[in-house]
Every structure is written in structure tokens, then in C-alpha cells.
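Structure, as C-alpha cells:
Throughout, read-outs are computed from the coordinates displayed, never taken from laboratory work. It should be emphasised that the depicted structure is a prediction, and the values quoted were computed from it without experimental measurement. Every residue, glycine among them, receives a Cβ derived from its backbone with ideal geometry; neighbour counts consider all protein chains shown.
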Amino acid sequence: MYDFDYTEIQNDAEESVKPNPRKVRWQIIVAIAGTAVLMVGLIWFMFAGIKIIFPDYIAGNNMIKAGGKYIYIQDGIIRYKGGITDDSKDIIAADADSSLLSNGKTVYYVENGNICSVELDGKDAKVLRESVGQAELVHRYHDLLYYIAQGKNAAGSLSLYQIDLKTGEETVIDSVKPTTWDFCVYSDKFYYIHVDGGQSAVWRFDFKSQEASSFLANAELCVTNGFGAEPLFCEYTANAEETNFSTALYQIKGDETEKIADLPENVRIACAVKGNDVILLNKLDIKNDAKSSELQLFNIKTGESKAAGLSPDAVYCITQDWAHPEQIYVCTCKSSNEILGADKTLDTVYLLKDGELKECVVNGSVAFDSNQVVIIDSYFVDGDFNGHQMAVKENVN
């Protein structure tokens with residue numbers, strides 16, 4: 001048997017739990033340092049990672065969808081809705097044909113030839129640049145605002161301008177020379193058309209690297225602005241009558257292009273959207289300087305095409321659903337004049353489904369304006385920006 005001195009053990013234990021002043025100081029220092037690192041990380045996430053927190057900027061005309069808001073111009077007033085069937089709220093006056101740029105919080109617009117900004121609640125309105133003339137807002141990248149304008153450098157020419165929102169300084173991006181107003185912004189890159197020696201090409205300007213480069217020769221954009229859809233591109237060639245025919249369809253793959261499909265002869269792309277195996281083509285027939293066309297459905301997987309079934313005299317416009325961009329709609333209107341405009345009346349709406357055009361039923365009286373045809377989540381948005389629910393006719397009892 002062993003005799004233990006429990007008193008000695010207890011004294012040793014009490015001694016062992018006494019705090020070591022030097023060790024405690026180091027623990028406090030480590031804790032403070034850890035808290036500081038955590039705070040710095042949080043601050044970095046809030047500011048350096050701000051693009052994750054706030055939605056991207058979207059540019060477009062008539063109406064855009066940005067930050068979950070539908071922002072549009074009606075009767076010279078910028079308005080917005082939280083949902084397409086919600087009541088509208090006024091923001092501020094603007095030119096009736098002003099382009100719009102927003103992330104759902106700040107709205108950039110054109111008023112009396114000036115580039116302006118305002119918050120969604122109508123507060124903090126500012127004039128950022130005066131007397132820019134005809135202009136289209138393009139993008140905001142960090143604290144840099146971009147727009148294209150005509151005739152500021154040379155009569156009739158287009159240029160890309162950059163405004164530093166911190167300093168107010170404006171710079172012309174000399175490497176970017178758009179020839180037309182057709183453009184789109186996707187993944188912080190500006191795609192535009194440049195014509196040189198009669199040859200049209202798609203060029204790309206990278207907002208991050210500030211570099212411009214040729215992207216696809218003998219090509220055009222296939223894009224719908226207003227809700228940030230991924231663009232497609234069509235390669236073309238000209239025939240003896242100098243009519244441009246579409247020959248192939250391309251998409252973006254990384255920093256390059258990828259061919260989706262070769263197209264039939266004597267066609268022009270009427271509408272092609274990402275995610276739909278069937279695209280719309282205009283089959284052109286040129287005889288004795290007279291041109292006629294037939295709307296066709298082309299399956300890019302099988303290479304087969306067929307008539308869409310519309311009347312040869314049909315006046316139509318094509319759009320896609322902003323909430324479901326892969327869905328294509330064809331809207332026909334009644335008119336004795338082939339030029340689309342606000343004086344037309346809506347005839348029939350078709351949804352491209354299962355490789356066919358399916359007639360839709362549109363609820364309510366539609367104030368039709370073919371210059372502004374928008375469909376959102378199966379709601380037809382009319383000229384008064386009211387939403388009318390639609391359904392495929394064969395599914396309606």
C-alpha cells in the first residue's frame with residue numbers, strides 16, 4: 001500500500017491553475033489581432049466585393065430590368081415598378097427617347113442633351129456632363145461611366161466616352177470606333193460594330209484591361225438589350241446584289257467564339273437567342289430588284305428549316321421573354337402600312353414552342369405600340385406599360 005500526500009497534490013494543482021501573466025498578455029494580443037483581421041476581411045468584402053452584393057448595371061431603351069426593378073420612360077417621365085403588374089412610381093423627367101442605365105439603385109439617363117443621374121427614390125439628381133448631343137448610355141464599371149455619342153469629335157462619327165465619377169474628368173477612348181448604334185455589354189465587355197473598307201466586324205472593348213480588339217470578322221450582333229441577355233453573333237456574306245446573307249451562328253466561349261450552326265442559303269437571321277434550339281430566319285427571294293421574305297423556323301441541331309406559317313403579308317415583330325430569355329414570341333399586327341409604329345393594333349401573339357409557333361391568348365385590352373414590345377414572365381407589356389397575362393391557346397379551356 002502506498003501513502004499519498006493529498007495535501008501536496010492539492011497545493012500543486014492550485015499552483016498549476018494560477019494564471020501566467022506573460023502567457024495571458026500573449027493571449028490578449030492574439031485575440032485582438034484576430035479580431036482586427038476579421039474586421040479587415042469584413043470591410044474588404046463590403047467594398048472590394050461590392051459587385052457581389054449589388055446587381056450589375058443594365059443599359060437599354062424604353063425599358064430595362066435592373067436590380068429586380070422594371071425601369072422605363074413614359075410621357076417624358078422615368079418610372080419604375082417592382083413587379084410588372086404593380087403600380088408605377090415616378091422618378092424624374094427625362095427625354096422621351098433617352099437611353100437608361102441602372103443597377104436598380106442609381107439611374108443614369110439623358111435630359112436635354114445632358115448625361116444625368118438620380119437615385120431610384122428621385123433624390124440626389126445630378127448633371128454629370130452637359131451638351132453631349134445624341135448619346136446612348138453603355139455601362140458603369142466601378143467609378144467609370146461610359147456612353148457613346150455622335151459628332152463630338154468629327155461630324156457624324158461615333159465615339160466611346162468615359163466619365164470618372166469621382167473627379168468628373170472625361171476621356172475619349174480612341175481605340176474604340178463604333179460605326180453603328182448596335183451594341184451590347186456582357187460580362188464587363190462592350191461588343192460593337194466597326195466597319196472598315198465596307199467590311200463589318202464585331203469588336204470588343206474590355207472595361208477591365210481597357211483594350212479593344214477585333215472579335216469576329218464579317219459579323220453582326222444578335223442581341224436584345226434591356227435585361228443583360230448573353231449575345232449571339234451571325235457571320236454573313238454578300239451576294240451579287242449586295243444583300244447580306246447570314247451564313248453561320250456563333251456564341252461566346254471563354255475569350256473566343258464557338259460556332260453553333262451553319263445556316264441555309266439566302267437567309268437573314270430574324271431572331272436567335274441562347275438556350276433555344278430553334279431560331280427564326282427570313283428566307284429572302286430577290287428577283288428584278290424586288291425583295292420578298294418568308295419567316296422560317298430553323299432547327300440548329302438537325303439543320304432542318306420550314307415555313308413558320310405566317311401570311312406572306314403579315315407585319316410582325318419578334319421579342320423574347322425577359323424572365324425566360326430562351327422563349328421567343330412573334331407578334332403580328334394589323335396595318336395597311338408595313339412600317340411598324342404606335343398606330344398599329346395587335347393581331348396575334350405566337351410562342352415558339354416544341355419547334356412550332358403556338359397561338360397565345362392575351363387577357364384584357366392591349367394598348368399596342370410595336371416600337372416597344374416587351375414580354376415578361378408570360379405577361380405582354382403594352383404601350384402603357386401595363387401587363388396582360390398570356391397563355392397558349394391550346395392550354396386555355
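The simple spin-label model puts a point 7 Å past each Cα toward its Cβ; for Ala391 and Gln210 those points are separated by 5.7 nm.
Within a Cβ distance under 10 Å of Tyr236, other residues only, what is the Lys/Arg minus Asp/Glu net charge? Don't skip to the end; give the middle numbers.
Working: positive: Arg268; negative: Glu220, Glu235.
Computed value for this residue: -1.
Along the range 167-180 the Karplus relation, 6.51 cos²θ - 1.76 cosθ + 1.60 evaluated at θ = phi - 60°, assigns HN-Hα couplings of 9, x, 6, 10, 10, 8, 8, 5, 6, 9, 10, x, 9, 10 Hz to successive residues, with x for each Gly and Pro. Each of Ile173, Ile78 was scored by other Cβ atoms within 10 Å of its Cβ. Listed from fewest to most, they are Ile173, Ile78. With R₀ set to 51 Å, the beta-carbon distance separating Thr302 from Asp97 gives a calculated FRET efficiency near 0.75.
Hey, with R₀ at 30 Å, roughly what FRET efficiency would Lys166 and Asn112 work out to, going by the Cβ-Cβ distance, to 0.05?
Values: r = 25 Å, r/R0 = 0.82.
The pair Lys166/Asn112 has a calculated efficiency of 0.75.
Each peptide among 247-260, 362-375 gets the average number of other Cβ atoms lying within 10 Å of its residues, and from highest to lowest they stand as 362-375, 247-260. 3J(HN,Hα) couplings calculated from phi for the range 315-323 with the Karplus curve 6.51 cos²θ - 1.76 cosθ + 1.60 (θ = phi - 60°) are, in sequence order, 9, 9, 9, 10, 8, 9, 6, 5, 7 Hz; Gly and Pro show x. Lys358 sits among other residues whose Cβ lies under 14 Å from its own Cβ, and their net charge, with Lys and Arg +1 and Asp and Glu -1, is -3.
Taking label points 7 Å from Cα along the Cα-to-Cβ direction, Gln251 and Asp174 give a separation of 3.9 nm.
Restricting the chymotrypsin sites (Phe, Trp or Tyr not before Pro) of the range 166-204 to loop positions (DSSP other than H, G, I, E, B) with no more than 15 neighbouring Cβ atoms within 10 Å leaves Trp181.
Within the shell of other residues whose beta carbon sits under 11 angstrom from the beta carbon of Val176, the net charge comes to -1, with Lys and Arg scored +1 and Asp and Glu -1.
For Asp95, the amide hydrogen comes within under 5 Å of the amide hydrogens of Val110, Glu111, Asn112, counting only partners 5 or more places away or on other chains and with H modelled in the peptide plane.
Treating r as the C-beta distance of Asn363 and Ala314 and R0 as 35 Å, the FRET efficiency rounds to 0.95.
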